[in-house]
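In what follows, a structure is listed as structure tokens, so that the remarks can point back to it.
The values are calculated or read from the model by the stated rules, or taken from the named source; none is laboratory data. Predicted, not measured: the structure shown is a model, and the values here were computed from it. Cβ placement follows ideal geometry from the backbone for every residue including glycine, while neighbour counts extend to all protein chains displayed.
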Amino acid sequence: MAQTAELSTASAPRVGKAGNPCVMVIFGAAGDLTARKLIPSLYNLLNAGLLPKEFAVIGVARTPMSDEDFRKSVGEALKQFATTEVDAQLWQGLQDRCYYMSGDFSDPVLFPKLKAMIEKVDHDHSTHQNYFYYLATAPSFFGPIVESLASNGLMEQSDGHWRRVIIEKPFGHDLESAKALNQQLRKVAEESQIYRIDHYLGKETVQNILAFRFANGIFEPIWNRRYIDHVQISVAETVGVEQRGSYFDKAGSLRDMVPNHIMQLISLTAMETPVSFEANALRDEQAKILHAIQPMSGEDVLSRCVRGQYGEGTIDNEGVRGYRTEADVAPDSRTETFVAIKLNIDTWRWADVPFYLRTGKRMPSRSTQVVIQFRRAPFMLFRDTQVENLMPNQLVLHIQPEEGISLRFAAKVPGPVMKLGDVNMNFEYKEYFGSQPSTGYERLLHDCMTGDQTLFQRADMVEAGWGVVNPILDIWNAIPPRNFPNYPAGSWGPREAEELMERDGRRWMDFVR
């Protein structure tokens, strides 16, 4: 491994401080996540001037490959999945800093060899003995890999040199397993070294929830039970299980989406004002909200939770098959592909304000949004007019596919009589600020390089999220569904989800721009 020159300078203007010198070790480097997200993210950071000049990548996986084979593989991945035009010269500088080691993660012989390679790469590229490890592996390897790293001295920090580990979801499959994994990790690593990643928090609109709430004096005073009727959080996907059938059929939508993505959206939407944007100050307030969610009894689960599984249907005028006929899915599967839940939060701010959550596969459109529904204005002023109905004001935070914010309010329609019409004010990031090439991982990787844990989950937050979900899992495991599949692909889920809202005199907002 010959020493190479410094990375080329970025072709785009730098928009922040570059990360600290380091070696990134990717466990599972031959997998889909590396190709689709991690390599394009590193290139985007490089192109923006945010990747340190003293930087190198070591890929680790079972697939036998040489360094050159790995470089060719990541180069092909970038061509296929890049989110911007690739500058060949700029990429070449990073590609030359990619190395590879094959081996079994459970083989103790692997880690002394890996340590020797890391030290050699660190010396060749002057990365200051700073290393971070990205576990793009099956969850069963999370604990054993970190333990093996620690037993070989690869988690030790001294003289200003740091070691960090990024762990992908799912972080456990229930509360008990999440606690066990946390305990396993904390025996060999400090909490400050553990970065539990949730790529949803890399999205601009998710981060902008904080800016929107706390930087604008007109919204925070009305962000409470006096003015807000309810909150809806929807994560809809048009895709089925794709190539993840074997994983998804064991997990289901509840485990896959609610304890992580949706709980993060709830905590950012509902949290109190932090004393600062320092990582633990922010996460303290998020954790308080998650702990304040009312625990569910068995009766609550039956009345406030809905599960569904898609059958055959039509999306974009094309027929799609039902879940039970997907690859690697059991023909009599009881796994849910849709979840709707009504939650309550026991705080002064949110007393009697329900939070409605839903997530599902094979929906009519792909959309993630947070809907803040305000209380309806009184009718008395309009009693002698032709106004028959006043629609409540509604604020929608659009997270994907188009990131932006919209606000609905009433205005008088021009004419001699009093007639109101709904007005939607729309703000889209790409139209106002221009589009930035992004996979959603750039901010998170950069934060790990700089030691900023703000957008990463802490152990207590993970456990609090599972604490909300666990009672639902227990009841659903004890009482199997009797009517699966219960919604056709291309619909907004089972009828029971609509009834969940209708019982409270409300309805889901299936609004997609």
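For residues in the range 274-323 being basic (Lys, Arg) and either assigned to a strand (DSSP E or B) or at pLDDT below 95 (or both), which is nearest to residue 493 (Cα to Cα)?
Per the criteria, the residue is 307.
So which of 253, 234 is small (Gly, Ala, Ser) and touching a Leu at 6+ places or on another chain (Cβ under 9 Å)?
234
Which of the following residues is in the same structural domain as residue 295 (by TED's automatic domain parsing), small (Gly, Ala, Ser) and more than 24 Å from residue 307 (Cα to Cα): 497, 478, 459, 464?
So the residue among 497, 478, 459, 464 that is in the same structural domain as residue 295 (by TED's automatic domain parsing), small (Gly, Ala, Ser) and more than 24 Å from residue 307 (Cα to Cα) is 459.
Filter the range 383-401 down to residues that are modelled with pLDDT of 80 or more and in a loop (DSSP other than H, G, I, E, B) and give me whichever is nearest to the chain's Cα centre (by Cα).
Filtering the range 383-401 for residues that are modelled with pLDDT of 80 or more and in a loop (DSSP other than H, G, I, E, B), the one nearest to the chain's Cα centre (by Cα) comes out as 401.
Could you go through the range 51-66 and let me know if any residue there is out of contact with any helix residue (DSSP H, G or I) (no Cβ under 8 Å at 6 or more places or on another chain) and either surrounded by 20 or more Cβ atoms within 10 Å (Cβ to Cβ) or not assigned by TED's automatic domain parsing to the domain that holds residue 152 (or both).
Checked the range 51-66: at least one residue is out of contact with any helix residue (DSSP H, G or I) (no Cβ under 8 Å at 6 or more places or on another chain) and either surrounded by 20 or more Cβ atoms within 10 Å (Cβ to Cβ) or not assigned by TED's automatic domain parsing to the domain that holds residue 152 (or both).
Which numbered condition in (1) within 24 Å of the chain's Cα centre (by Cα); (2) without any contact (Cβ under 8 Å) to a residue 40 or more places away in the chain; (3) closer than 30 Å to residue 429 by Cβ is the only one that residue 218 fails?
Answer for residue 218: the failing condition is (1).
Look through 349, 358, 362, 334 and report the one residue that is among the charged types (D, E, K, R), part of a loop (DSSP other than H, G, I, E, B) and within 24 Å of the chain's Cα centre (by Cα).
Step by step, each of 349, 358, 362, 334 is checked, and only 362 is among the charged types (D, E, K, R), part of a loop (DSSP other than H, G, I, E, B) and within 24 Å of the chain's Cα centre (by Cα).
With 175, 181, 185, 201 as the choices, which residue is surrounded by 18 or more Cβ atoms within 10 Å (Cβ to Cβ) and more than 24 Å from residue 33 (Cβ to Cβ)?
175
Could you pull out every one of the helices (runs of 4 or more DSSP H) wholly within the range 136-221 that has 1 or more residues that are farther than 30 Å from residue 273 by Cβ and out of contact with any Pro (no Cβ under 6 Å at 6 or more places or on another chain)?
Hits in the range 136-221: 142-151, 175-186.
Could you pull out the residue among 159, 174 that is among the acidic types (Asp, Glu) and touching a helix residue (DSSP H, G or I) at 6+ places or on another chain (Cβ under 9 Å)?
174
Would you please list the contacts, defined by Cβ atoms under 8 Å and residues six or more apart or on different chains, that run from a residue in the range 20-39 that is assigned by TED's automatic domain parsing to the domain that holds residue 81 and hydroxyl-bearing (Ser, Thr, Tyr) to a residue that is assigned to a strand (DSSP E or B) and at pLDDT 95 or above?
Final answer for the pair search is 34/26; 34/59.
Taking the stated definitions as given, is residue 500 of a type outside the set (Gly, Ala, Ser) and under 30 Å from residue 50 (Cβ atoms)?
So residue 500 fails the test.
From the list 153, 160, exactly one residue is surrounded by fewer than 19 Cβ atoms within 10 Å (Cβ to Cβ), touching a His at 6+ places or on another chain (Cβ under 9 Å) and more than 30 Å from residue 467 (Cα to Cα). Which is it?
Result of the check over 153, 160: 160.
Determine, yes or no, whether residue 247 is in the same structural domain as residue 171 (by TED's automatic domain parsing) and either crowded, with 20+ Cβ neighbours inside 10 Å or modelled with pLDDT under 95 (or both).
Considered against the rule, which asks whether it is in the same structural domain as residue 171 (by TED's automatic domain parsing) and either crowded, with 20+ Cβ neighbours inside 10 Å or modelled with pLDDT under 95 (or both), residue 247 comes out as no.
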